[in-house]
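A.B. asks: One structure coming up, written as structure tokens, with questions to follow.
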């Protein structure tokens, strides 16, 4: 399944708010949240998703009212010093 990374700005969100948002992301049914990375000092969050398509992921984020700054499909990742295709 295609892999995506998104960046989100967390305006005035507390740690408890970030934890609740993480639970919402991980509770998704139509997309899969693989990992959530948060920097509270800078108010930024990166999320790694699996989704059938960018459109499906964008629709799910919109339905959950989760704004994103950018969304990037990952085509390659490193493995033992070499790039390999991500399905």
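A.B. asks: Quick check on my filter: what residues within the range 1-25 are within 10 Å of the chain's Cα centre (by Cα) and surrounded by fewer than 14 Cβ atoms within 10 Å (Cβ to Cβ)?
C.D. replies: Matches in the range 1-25: none.
A.B. asks: When you check residue 68 against the structure, is it under 10 Å from the mean Cα position of the chain (by Cα) and in a loop (DSSP other than H, G, I, E, B), yes or no? Walk me through how you get there before you give the answer.
C.D. replies: Numbers: under 10 Å from the mean Cα position of the chain (by Cα): yes; in a loop (DSSP other than H, G, I, E, B): yes.
Yes, satisfied.
A.B. asks: Say we look at the range 37-58 and pick out the residues that are assigned to a helix (DSSP H, G or I) and in contact (Cβ under 8 Å) with a residue 24 or more places away in the chain; which of these is nearest to the chain's Cα centre (by Cα)?
C.D. replies: Let us first name the residues in the range 37-58 that are assigned to a helix (DSSP H, G or I), namely 54-58.
Next cut, in contact (Cβ under 8 Å) with a residue 24 or more places away in the chain only: 54, 56-57.
Details: 54: 12, 56: 13, 57: 9 Å.
That would be 57.
A.B. asks: So if I check each of 23, 73, which one is modelled with pLDDT of 95 or more and either in contact with a helix residue (DSSP H, G or I) (Cβ under 9 Å, 6 or more places away or on another chain) or in a strand (DSSP E or B) (or both)?
C.D. replies: Details: 23 fails: either in contact with a helix residue (DSSP H, G or I) (Cβ under 9 Å, 6 or more places away or on another chain) or in a strand (DSSP E or B) (or both).
Every option except 73 fails the conditions.
The values are calculated or read from the model by the stated rules, or taken from the named source; none is laboratory data. Predicted model only: the values in this text are computed from it and were never measured. So basically every Cβ, Gly included, is an ideal-geometry build from the backbone, and we count neighbours across all protein chains shown.
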